[in-house]
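Quick notes on the structure that follows.
The values are calculated or read from the model by the stated rules, or taken from the named source; none is laboratory data. Since we're looking at a predicted model, the values are computed, not measured. Positions of Cβ are backbone-derived with ideal geometry, glycine not excepted, and every protein chain shown enters the neighbour counts.
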Amino acid sequence: MSETKTSSKSNLFWSFAVLILWLVALGATWYLFQKGPSDELKRFSIFIGRFHVILIHFPMGIVGLLALMELFAMRKHGAHLHHSTRFVAWVATLGALSSSWLGYVLMSGEHISGEWMTWHLWTGLGVGLACWGALFFKLIHLRVLSLLSLLGALGLTAAAGHYGGAMVHDGDYLAEYAPEPLKPLLGLTGGDSEKKTVQAASKPLPNRIVYTDIIAPMLEAKCVECHGDKKSEGELRLDSLEAMLQAGDSDNPGILPGKPEESEAVYRVELPKEDSDFMPTKNKPALTPDEIAVLKWWIVAGAPESKTVGDLKPEAAILESLKKLP
Ligand code: HEC
């Protein structure tokens, strides 16, 4: 009797210890990145942070296992499972706390932001807390609260997994190959940018608005999936003229009107493909030489928002490039 008492006391002690350690680790990470981290720190954070992607599957599975064990433990024949749930709750908690912290390190190191990132962050930290709650209430024998926390952990795991997936793939990853009638249910409207291009292509070339009909669809097709409202890599958005005139992480504006040589976007797309700063990343389809020529031509002309091709009087070479655009 006294032996179990001591063991559950030390269990309680350790549960608080890991919770505090987790909070301190999160706080310290936040603080280090708040101060403007060195390059070494960034690199090291990305290095260890990337293990988040591997480690994360572990608590996800264990949380599911714990829920199953609790479910079967409620049945007469499953009563023996009851004794093991505390151990499994510990493993789930340690896994969820450590992998959510690693996720935070990765987010800070890679400077990831955007709507999906925010949801993924809070649901992910929520899983850590909910697992801890399930363990803690189990240790103080509040069974109902423990089960409720576990239910919360399950729901948050699904949500965090969904947002995490949306960040890595596109937001419509699940819906993309759904049968047509199901698509609206899954929130996929699709086809918008395609429609715009079709409209633009039906206008005679001189009447096309350079930004709206040519530059915007080009960036939309090749850059905005990583530089839009859902995901803004490098703190740079390329989905509106106003946004691309701002500086991202590098402190250089994406586009500097009149000065292609000082526009970070031009610099990045003109690098050799094997350069680690080359855009787009991940071997996504790159801008063609014609697209780059047109982009630079528009910037030299002052990156106007509503001037047409005719207004900007392209020389023969640019006219050729314009005709060759997809
Ligand atoms: C698959 C995702 C992806 C695509 C597509 C992509 N980028 Fe990026 N981009 C990133 C990431 C990640 C970063 C941050 C890391 C870095 O600075 O290299 C970044 C950073 C940048 C930056 C630097 C911002 C700053 O100030 O630090 C520019 C400029 C940029 N991208 C331009 C483009 C352009 C132009 C395109 C389209 C031709 C494009 N990107 C397509 C992922 C992408």
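Only one of these is assigned to a helix (DSSP H, G or I), within 25 Å of Gly155 (Cβ to Cβ) and in contact with a helix residue (DSSP H, G or I) (Cβ under 8 Å, 6 or more places away or on another chain): Ile54, Ile62. Name it. Step through it out loud before you land on a result.
Details: Ile54 fails: in contact with a helix residue (DSSP H, G or I) (Cβ under 8 Å, 6 or more places away or on another chain).
None of the others qualify; the one that does is Ile62.
For the range 213-229, residues that are near the ligand (Cβ under 9 Å from one of its atoms) and assigned to a loop (DSSP other than H, G, I, E, B) total 4. The set of residues from the range 251-284 being crowded, with 16+ Cβ neighbours inside 10 Å, among the acidic types (Asp, Glu) and more than 9 Å from the ligand (Cβ to nearest atom) comprises just one member, Glu270.
Give the range 106-158 a look and list any residue that's in a helix (DSSP H, G or I), aliphatic (A, V, I, L, M), farther than 30 Å from Ser38 by Cβ and in contact (Cβ under 8 Å) with a residue 24 or more places away in the chain, or say none.
Of everything in the range 106-158, those that are in a helix (DSSP H, G or I), aliphatic (A, V, I, L, M), farther than 30 Å from Ser38 by Cβ and in contact (Cβ under 8 Å) with a residue 24 or more places away in the chain turn out to be Val127, Ala130, Ala134, Leu135, Leu139, Leu147, Leu150, Leu151, Ala153, Leu154, Leu156.
Please work out which residue is nearest to the ligand (Cβ to nearest atom), limiting yourself to the range 230-250 and to residues that are exposed (fewer than 15 other Cβ atoms within 10 Å of the Cβ) and of a type in the set (A, V, I, L, M). Here the answer is Ala247.
Got at least one residue in the range 68-85 being among the β-branched types (Val, Ile, Thr), in the same structural domain as Ala134 (by TED's automatic domain parsing) and touching a residue at least 60 places away in the same chain (Cβ under 8 Å)? No - not one qualifying residue is present in the range 68-85. Just one of (1) out of contact with any Leu (no Cβ under 7 Å at 6 or more places or on another chain); (2) more than 25 Å from Ala25 (Cβ to Cβ); (3) buried (at least 18 other Cβ atoms within 10 Å of the Cβ) fails for Thr85. It is (1). Of the conditions (1) on the phi > 0 side of the Ramachandran plot; (2) out of contact with any helix residue (DSSP H, G or I) (no Cβ under 7 Å at 6 or more places or on another chain), His111 fails just one. Which one is it? Result: His111 passes all but (2).
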